[in-house]
Amino acid sequence: MNIDFAPELEAFRAEVAQFFATAPTPAIREAGRKTTSVFAPFKECMEWQRILFEKGWVAPHWPKESGGTGWSVEQRFIFAEEYRKADLPPLLPQSLGMVGPLLIDLGTEEQKARYLPGILSGDDFWAQGYSEPNSGSDLASLSCRAAADGDDYIINGSKIWTTYAHHANRMFMLVRTSNEGKKQQGITFLLLDRTDYPGMTIRPIIGLDGFPEQCEVFFEDVRVPQSGRVGAENEGWAVAKHLLTHERGGGNAASPTLMRYCERAREAAAATPSPFGGMLATDPVFQRELGELEADIASLGHFEKLAISGHAIARDPAFPSINKTINSELIQRASTIMAQVSGVGGLVRQLEALRVGSNVEPLGSEFDLISMPLYLNSRATTIYAGSNEVQRDLIARSLAGA
């Protein structure tokens, strides 16, 4: 099957590349270079989102009638390729990549009119309230409760690992509204208009990289309107599964980012002495490990192009789980090689140098600066959005027709 792009798309690629070469501010570019997890530095990322919104390019994967670009799948893939090649900060996924597409698919007309414009413009940022202290990989066991009271729900309980909740002004969350039946039943999907309700407390968690990316969120008799419910009461598990198809990816071209990690590792290895003499870049063991990784990333790129070309693989129910598993494990392998190349140079924690706009020069190279935080943050990739063990079980069930 031919999955090469038509020659006429090269003009589109050149237009995209030119915009990415001229539109971002120096701070946005710095944020892109210093992004060491799925989540880019918040301030600069939202500034970049507003620039893309003004250009009309903020949501290529959305339908045109909802604010998307109307591009073909090939154009969307080219856009994603050029985006990653330019080392730009990835847009935060909770709003544009998760709750926005969910509302387009399942929201009421009133909910779409109310929330989609703010998601596109970046005026609103949504946190995801899923995991709880005793309900991580087994999300269906969640216990944060919402009790109906007139036109409202009263929420009690807590959430954890709630990324950038301290920056969010809105939240989508899962709550338990009934204990009847199986644990997947009795769960309801709610939209919260704000994150400063009386009785709601947000506490940032300092991560291994030294930055407060995750948060704890506590609810004590927090009253929210039932109009924020998506789908029927007690049927939020189906809504959550629908959202996970967006969260776990598909057609987002992760391979250029991963290949860029390999390029950085190769460049740094050319200036790193090998313990066996010469430079690390010429060490046969290093060459083999990096070459195998690059070959696997190239295979992922082929897989991604098949997905956006309309191949049947993208319509397979197992596709989101396959995509998530491959991506997360390749990220971990790439970050491991980067950390190995950096060696002791990456062990010094340099928070101020890593902070965008600090103007603090790193003690070593910029590669050393980002390699260890990227390694630490990528340990979570095989856990969040459903652990890879769970994903493999879902893949097996799908392929077996179970």
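Give the shape of segment 59-209 as rounded, prolate or oblate, defined through the alpha-carbon gyration tensor: a ≥ b ≥ c are the square roots of its eigenvalues, a/c under 1.5 means rounded, and otherwise the shape is prolate if a/b is larger than b/c and oblate if not.
Cα axes put segment 59-209 in the prolate bin.
Which of the residue pairs K159/K305; K159/K324; K64/K183; K64/K182; K34/K241; K55/K85 have a Cα-Cα distance greater than 29 Å in the structure shown?
Table pairs above 29 Å Cα-Cα are K159/K305; K64/K183; K64/K182; K34/K241.
Where nothing but the Cβ of Lys and Arg (+1) and of Asp and Glu (-1) is charged, how large is the charge dipole of segment 1-127 around its Cα centre, in debye to the nearest 20?
My answer is approximately 360 debye.
Angle check, please: helix 319-342 long axis (alpha carbons) against the longest principal axis of the chain (alpha carbons), in degrees 0 to 90, nearest 10.
Approximately 40 degrees, to the nearest ten.
Evaluate the relative contact order of the chain (contact order divided by residue number), counting alpha-carbon pairs under 8 angstrom at least 6 apart; express in whole percent.
15
Using the heavy atoms of the protein chains alone and a 1.4 angstrom probe, what is the accessible area of segment 298-402 per residue in square angstrom?
48
Placing unit charges on C-beta atoms (Lys and Arg positive, Asp and Glu negative, everything else neutral), compute the dipole magnitude of the chain about its Cα centre in debye, rounded to 20.
For this selection, approximately 320 debye.
Return one number: the angle in degrees, 0 to 90 and rounded to the nearest 10, between the long axis of the Cα atoms of helix 42-55 and the longest principal axis of the Cα atoms of the chain.
90
If I take R0 = 35 Å and measure r between the Cβ atoms of N179 and I383 in this structure, what FRET efficiency does the formula 1/(1 + (r/R0)^6) give, to the nearest 0.05?
Using R0 = 35 Å, I get an efficiency of 0.80.
As an exercise, use a Förster radius of 41 Å and the Cβ-Cβ distance of S143 and T108 to find the FRET efficiency, rounded to the nearest 0.05.
0.90
What FRET efficiency do you get for E352 and A21 if R0 is 35 Å and r is their Cβ-Cβ distance, rounded to the nearest 0.05?
Result of the calculation: an efficiency of 0.75.
Could you check how much of the accessible area of segment 212-366 is carbon and sulfur, as a whole percent, using a 1.4 Å probe?
Answer for segment 212-366: carbon and sulfur cover 55 percent of the accessible area.
Might you work out the accessible area of D123 for me, using a 1.4 Å probe with all protein chains in place, and round it to the nearest 10 Å²?
Only protein atoms counted, so the area is about 110 Å².
222 nm [θ] for the chain, helices only, -39500 (n - 2.57) per DSSP H run of 4+, per residue, to 500?
-14000 deg cm²/dmol
Kindly identify segment 128-234 as rounded, prolate or oblate by the Cα gyration tensor criterion: order the square roots of the eigenvalues as a ≥ b ≥ c, call it rounded if a/c is under 1.5, otherwise compare a/b with b/c, prolate if a/b is larger, else oblate.
Because a/c hits 1.5 or more and a/b fails to exceed b/c, segment 128-234 counts as oblate.
Could you please put K183, K85, K159 in sequence from largest to smallest accessible area, using a 1.4 Å probe?
Result, largest first: K85, K183, K159.
May I ask you to give the percent of accessible area on segment 1-153 that is carbon plus sulfur, with a probe radius of 1.4 Å?
Its accessible area is 50 percent carbon and sulfur atoms.
Quick one: putting +1 on the C-beta of Lys and Arg, -1 on the C-beta of Asp and Glu, what dipole do you get for segment 257-328 around its Cα centre, in Debye to the nearest 20?
220
Taking the structure as given and computing volume of the Cα convex hull per residue in Å³, which label from (1) 152; (2) 170; (3) 143 fits?
(1)
Mind checking the full-extension length gain between E361 and T282? Use 0.36 nm per residue of separation minus the Cα-Cα distance, one decimal, nm.
Once the chain is fully extended between E361 and T282, it gains 25.5 nm.
For K112, list the aspartates and glutamates whose Cα falls under 12 Å from its own Cα; do not include residues on the same chain fewer than 8 positions away.
In chain and number order, the partners are E65.
Which of rounded, prolate or oblate describes segment 26-146 when judged by the alpha-carbon gyration tensor and an a/c cut-off of 1.5?
oblate
Alpha carbon centre of segment 46-106 versus segment 329-368: separation in Å?
Distance between centres, Cα-based: 28 Å.
Which cross-chain or sequence-distant (5 or more) residues have an amide H under 5 Å from the amide H of V222, H modelled 1.01 Å from N in plane?
I155
I'd like to know which of G100, L192, V348 lies farthest towards the positive end of the charge dipole of the chain, counting +1 on Cβ of Lys and Arg and -1 on Cβ of Asp and Glu.
The listed residue farthest towards the positive side: V348.
With a 1.4 Å probe and all protein chains left in place, how much accessible area per residue does segment 82-227 have, in Å²?
41
Of G277, Q391, G364, which is farthest along the charge dipole of segment 255-402 in the positive direction, counting Lys and Arg as +1 and Asp and Glu as -1 at C-beta?
So the residue we want is Q391.
The values are calculated or read from the model by the stated rules, or taken from the named source; none is laboratory data. Owing to the predicted nature of the structure, the values given are computational and were not obtained by experimental measurement. Counting neighbours? That spans all protein chains shown, and the Cβs are built from the backbone with ideal geometry, glycine included. Calculation scope for accessible area: heavy atoms of the full protein, side chains included, ligands and nucleic acids excluded. Shrake-Rupley method; radii C 1.70, N 1.55, O 1.52, S 1.80 Å.
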